[in-house]
Amino acid sequence: MKMMTCPINGARPISEFICGGEVRSMPDPRTVDDQTWAEYVFNRTSVPGIQQEWWCHTPSHTWFIAERNTLTDEVLRTYLYDKEGVG
């Protein structure tokens, strides 16, 4: 069984998690033009390699960031979001 480590609850079966997509900076919705907003909403980089992604442990509703190699599907680390910078 594939496992993922929740930063709060420890190692759990992958079936307890959902992926929220890559970590990206959101443009300011009050000042952004339509083209830039459409790029943010509908397009992803999808570059193979190490990506930072939002994940949620659904039983505890814990959102966190996972660094995952999209070529090998290996999760390198997981950590809670730190709005001041690095997790």
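For region 38-82, the ratio of Cα radius of gyration to the globular rule of thumb 2.2 N^0.38 Å stands at 1.29. Fully extending the segment from Phe42 to Asn69, taken as 0.36 nm per residue of separation minus the present Cα-Cα distance, adds 7.5 nm.
Note on His61/Asp33: beta-carbon distance plugged into 1/(1 + (r/R0)^6) with R0 of 41 Å gives a FRET efficiency of 0.75.
Applying both filters, DSSP loop and at most 14 other Cβ atoms within 10 Å, to the chymotrypsin sites (Phe, Trp or Tyr not before Pro) of the chain gives Tyr81. Note on Val47, Val75: ascending count of other Cβ atoms within 10 Å places them as Val47, Val75, the fewest first. Of the residues Cys56, Cys19, Cys6, the one with the fewest other Cβ atoms within 10 Å heads the list, and the complete ranking is Cys19, Cys56, Cys6.
Please state the equivalent ellipsoid semi-axes for the chain: what are the square roots of 5 times the Cα gyration tensor eigenvalues, largest first, in whole Å? Could you put the intermediate results ahead of the total?
On the way: eigenvalues 136, 47, 28 Å².
Equivalent-ellipsoid dimensions as semi-axes: 26, 15, 12 Å.
Every read-out reported here was derived from the displayed coordinates using simple, explicitly stated rules and does not represent laboratory data. For clarity, every value in this text was computed on a predicted model and none was experimentally measured. Quick reminder, even Gly has a Cβ in these numbers, built from the backbone with ideal geometry, and neighbours come from all protein chains shown.
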